[in-house]
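**Student:** Structure below; questions to follow.
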Amino acid sequence: MERIREAVIDFGGQELRVAVAHGLGAAHHLMMAIAAGAMHYHYVEVMGCPGGCIGGGGQPYAGANSIPLDKETLAKRAAVLYNLDREREIRLAHENPSVKRIYAEFVGEPMGEKAHTLFHTDFHAAEPRGILPPVLKAAPIQVEPAVCTQHCCDKWDRLTAAINTNLHAEHPESSLIPVLHAAQDIFGYLPQYVLDFVAYRVGVPAATVYGVATFYHHFSLTALGEYRISVCVGTACYINGSARILTALEQELGIKAGETSADGLFSLAIAHCIGACSLAPAMLMNGEVVGKTTPETAVAYINELRITHERLKSKCDVRPSRQIMHHV
């Protein structure tokens, strides 16, 4: 195949057979040939981009219709890279003065015990995190015991039900937003193992799920407090003093916007508009509008929530007063 290059190298009297596959399609063909015994190599390199890094890896396109790049453009790029390499004073890593200093002052002998510990790694089979074959989508995902105890197992069932309800067979990626909304409602936030689970069951790359989760500010990848407060800083709220409310809450809770209090009770955030301009300045508390707020009433509400939380911990059937929440 044109996209597979082979070479035989004389290495100190030892004949080494090497191959380079350009693109994953060529790599698949090469692996099948090796598995069938038709080819044998000591070393195989796979380039994810056809033509290597000069044809991908963030390189600019030569034109709107130059995908893949033509051979002439690739040859010019390769020539430039080779020239740059030849002109460099230091061309080998072990000749780099900084590398030499690291070995002399810290690592010690090359290939020594410390070098082996720091620079060598082992590879183990792992659950794939990209698009999975249909047969694997129905398989149960393995979650660490510390993550899923018997107390929270029903959460995974609820999330699976939400995925099944919202999943679009032809365009699975279109179901991500409602599924992630459901996941955050169930778990309180979107930890990595939940994003992986969603990717696993929906059948889209984990990177796609992460991209959606980080694009919309409603989603949070970090654990939130039991009480989630968002202070509106939209025009109507801001000119009516929401900045002073935010400052008062930050001082009372000892955190900044985007953080969670040390006791795990309160998370503070900024909202750019909550659609409650007639109640400005306003904030959201677990999704419920708290209107006509002042710095004093906001702090008083925080203190009331603390008292209510302590009473609930004591199993007293007490609920927060709504006077401040509906203060108009």
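**Student:** Relative to 2.2 N^0.38 Å, what does the C-alpha radius of gyration of the range 227-313 come to as a ratio? Two decimals please. Kindly include the intermediate steps, with their values, before the conclusion.
**Tutor:** Numbers: Rg = 12.1 Å, N = 87, 2.2 N^0.38 = 12.0 Å.
Normalised Cα radius of gyration, the range 227-313: 1.01.
**Student:** How big is the Cα convex hull of the range 274-315 in projection, averaged over all directions, in nm²?
**Tutor:** Values: hull surface 12.7 nm².
Answer in nm², one decimal: 3.2.
**Student:** Same structure, new question: At a 10 Å Cβ-Cβ cut-off, how would you order His42, His171, His22, fewest neighbours first? Walk me through the numbers on the way to the answer.
**Tutor:** Numbers: His42 13, His171 9, His22 21.
Starting with the residue having the fewest Cβ neighbours, the order is His171, His42, His22.
**Student:** Subtracting the Cα-Cα distance from 0.36 nm times the residue separation, let me have the gained length for Ala38 to Val289 in nm, one decimal. Can you show the working numbers first?
**Tutor:** On the way: separation 251, 0.36 × 251 = 90.36 nm, distance 6.97 nm.
83.4 nm is the gain from fully extending Ala38 to Val289.
**Student:** Before anything else, pin down the relative contact order of the range 4-48: Cα pairs under 8 Å, at least 6 apart, normalised by residue count, whole percent. Working shown, then result.
**Tutor:** Numbers: 62 pairs, mean separation 18.5, N = 45.
Normalised by residue count, the contact order of the range 4-48 is 41 percent.
**Student:** So, in nm, how far is label Glu6 from label Ala79 when the simple model puts each one 7 Å beyond its Cα toward the Cβ?
**Tutor:** 3.1 nm
**Student:** Given a cut-off of under 8 Å on Cα pairs at least six residues apart, what relative contact order in percent is computed for the range 227-313?
**Tutor:** On the way: 136 pairs, mean separation 31.1, N = 87.
Over the range 227-313, the number comes to 36 percent.
**Student:** Skipping prolines and chain starts, which residues have an amide H placed within reach, meaning under 5 Å, of the one on Ala269, given they are 5 or more residues away or on another chain?
**Tutor:** Close amide H contacts, sequence-distant or interchain: Ile229, Ser230, Val231, Gly258.
Just so you know, all these numbers are worked out from the coordinates, no wet-lab data involved. Computed from a predicted structure; not experimentally measured. Methodologically, a virtual Cβ is constructed for each residue, glycine included, from the backbone with ideal geometry; neighbour enumeration extends over all protein chains shown.
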